[in-house]
Structure formats: structure tokens, C-alpha cells
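Following: one structure in C-alpha cells, then a few remarks.
The values are calculated or read from the model by the stated rules, or taken from the named source; none is laboratory data. Only a predicted model underlies this, so the values are computations on that prediction, with no experimental measurement involved. Every residue, glycine as well, gets a Cβ built from its backbone with ideal geometry; the counts of neighbours run over all protein chains shown.
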Amino acid sequence: MKKILFSFSAIALLLSSCKEQIPGGLILNSLISADTTYVVSQIETPQEKKIVIEELTGVLCTNCPAGTKQLNDFVAQYPNRILLTSMHSGFLTEPTAAAMYDFRNADADALKLFFNEGDPGKPSATFDRIPLVIGGGDPKYFILRGQTGTDWISALPALLSKTTPVNIHLTSSYNPSTNKVNVLAKLHFTADVTEKLGLTLYVLESGKVDIQDSVGVEIHDYKFNHVLQKVITPIAGEPILDSLPTKVKGRVIEKVLSFEPNIAGVNGWNLDSCVIVGIVHKTGASKAVIHAEEVHLK
């Protein structure tokens, strides 16, 4: 196999450096994407699977601080196993007159609608994008926390025992002179996969301090973390080698993506506090997460 050379400043060099390539690229909503793929004989050791929890929350939701605390407790209880996303979409998300920031955005709205469950109550969360039956009724992607949080606790155990057939390696860099972020997502299959998969990339921001309603009190120094600011890829994910019936063990695909971050105005992102999250998930009837990783934006 010919050695791969990669340069964020010259995507064309990457595309010309491999024997086996997916030609062309994609331009969508300021996104530039180019792919290359090849097969190696040396298989990587499988990474430990990470769980993705996508929470619906809002600044006017009095029960949401308790929900956020519980999710943070999960992260502390299971180190390096859980990635959190906070979506500010729908009711109870409008900032108060005294608030500094507005955490709502069109991508958060589109992601919520992607699950086709309307505008669920808050706080609620998806667990690895698997519809679950909690306390009877129909399967739901968004699980309400409930008054004691036991519904969320019951959703985790089965997910923690899962493994993943694909390793994810993310690299990100920022060029301030052009205001461009360049992301390399390298996926290495450690087992054969016949299902269709997609890659979704998020920008999450942490650390902004503003007003949050809570039970019986308004918190003026509340820290908002893991806030979804942008979905870099299409909401349903960018297809991963759909033309191949089987992604064989040892198959590697490298996706190069470039986009412009929002650094303007009061709601501009603090790039030092942003991460890129990469999620490999099934597409079609199932949306289940296969694996996920994150990297600092800068």
C-alpha cells in the first residue's frame, strides 16, 4: 500500500496519495468534504466503545439542572465511556430578558426533529440513539428523566457492555487567518460490517455562564456545558462507503472536512472551549450509535 500523506492546507495532496479513492467531494452549508479509503493488513486493537447521550434541555426548565447533574454523575462514574450533548430546542429554551446568550440554533432544532418525536418534555435524553421502553408504553428515543432519575439509570447498563467494530481517530486544527477549521476523521474497521453506516460530526461548546431557572430559584452563575452549536455533517450523517456491501476488517476511510466556525457577535463561540464529536451510527431503520470520539477544536 502506498503511504498516505495528509495536509490540512492541501486536501488535493491527500486525495492523490492513495491507490484506492472515493473521487470528488461535497460542498454543503460551507462544508467541504473529501474521502479516501484503503485496506491494511495490520488490524488495530479495538477501542472501548463510547456511549452518546443527547439531552434536550432549556434555560427555563426548572428540572433541567438536576438532569444535567445526573448526566455529569454518569460521566464521573464511567470515565471515558460517555459523551454528552446538550440540545437547546423547543419549549422552555427562550432566554430571559436579562440573559446574555441564546443557546438555540437551527441545527439543534433539526437534530431534535431527526428523531421524529415532536417536542419531547425536558429534561429528556437519547441513549446511543436506541429507542427504549421505560415503564411501559411504546419505545422512545427521548427518555424523560423522571422525578428521581431512575429511568435514566435503567437505560445505561445494557449499553456499557457493548463493543464496537470501528475505531475512530479525530484530528482538528484551526487557521485564524482564514477562520477555517479542518477536521480529519479516520475510521479503521476492526471487524467486518455489512450494515450501512453514517458519520455525524458535532461542535459542542462548554463554559459559558448565564441565567438558568431551577426549582424555586433563578441561578445567575450557571455554567452551560456540551452545548450543541453546529452539526458539521448532514443531520442524518454522511454516508460511510455505502457502495461497499461489506466494510471488511482492515478497511480504513479518511474523511477530510472543513468549515467556518461562528466567532462573531455575543453568541459567537469560544473556540478554546469547543470540541468536535464524531459519531458513527447506523442509517435507515436503525439510528443506533456504533462508536463515538471527541477532540478539541483547536
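If Pro261 passes every condition in (1) in contact with a helix residue (DSSP H, G or I) (Cβ under 7 Å, 6 or more places away or on another chain); (2) part of a loop (DSSP other than H, G, I, E, B); (3) closer than 28 Å to Glu195 by Cα but one, which one does it miss? For Pro261, the failing item is (3). From the list Val295, Val256, the lone residue that is in a strand (DSSP E or B), under 21 Å from Pro46 (Cβ atoms) and touching a residue at least 24 places away in the same chain (Cβ under 8 Å) is Val295. Apart from one condition, Asn105 fits all of (1) surrounded by fewer than 17 Cβ atoms within 10 Å (Cβ to Cβ); (2) closer than 19 Å to Leu204 by Cβ; the exception is (1). Among the residues of segment 210-219, is any of a type in the set (Asp, Glu), buried (at least 19 other Cβ atoms within 10 Å of the Cβ) and either within 14 Å of the chain's Cα centre (by Cα) or closer than 30 Å to Ile43 by Cα (or both)? Looking for residues that are of a type in the set (Asp, Glu), buried (at least 19 other Cβ atoms within 10 Å of the Cβ) and either within 14 Å of the chain's Cα centre (by Cα) or closer than 30 Å to Ile43 by Cα (or both), one finds none in segment 210-219, hence no.
Among the numbered conditions (1) under 24 Å from Ala285 (Cα atoms); (2) under 17 Å from the mean Cα position of the chain (by Cα), the only one that Ser172 does not meet is (1).
Just checking, does segment 271-278 include any residue being surrounded by fewer than 15 Cβ atoms within 10 Å (Cβ to Cβ) and at pLDDT 95 or above? Within segment 271-278, one or more residues are surrounded by fewer than 15 Cβ atoms within 10 Å (Cβ to Cβ) and at pLDDT 95 or above. Looking across Arg104, Arg129, one residue alone is within 15 Å of the chain's Cα centre (by Cα), assigned to a loop (DSSP other than H, G, I, E, B) and in the same structural domain as Leu83 (by TED's automatic domain parsing). It is Arg129. The set of residues from segment 9-65 being modelled with pLDDT under 95, part of a helix (DSSP H, G or I) and surrounded by 14 or more Cβ atoms within 10 Å (Cβ to Cβ) comprises Ile11, Leu14, Leu15. If I filter segment 142-160 for residues that are surrounded by 17 or more Cβ atoms within 10 Å (Cβ to Cβ) and of a type in the set (Ser, Thr, Tyr), do I get at least one hit? No, every residue in segment 142-160 fails to be surrounded by 17 or more Cβ atoms within 10 Å (Cβ to Cβ) and of a type in the set (Ser, Thr, Tyr). Condition check: over 17 Å from the mean Cα position of the chain (by Cα) and either at pLDDT 95 or above or not in a strand (DSSP E or B) (or both). Does Lys112 satisfy that? It is false that Lys112 is over 17 Å from the mean Cα position of the chain (by Cα) and either at pLDDT 95 or above or not in a strand (DSSP E or B) (or both).
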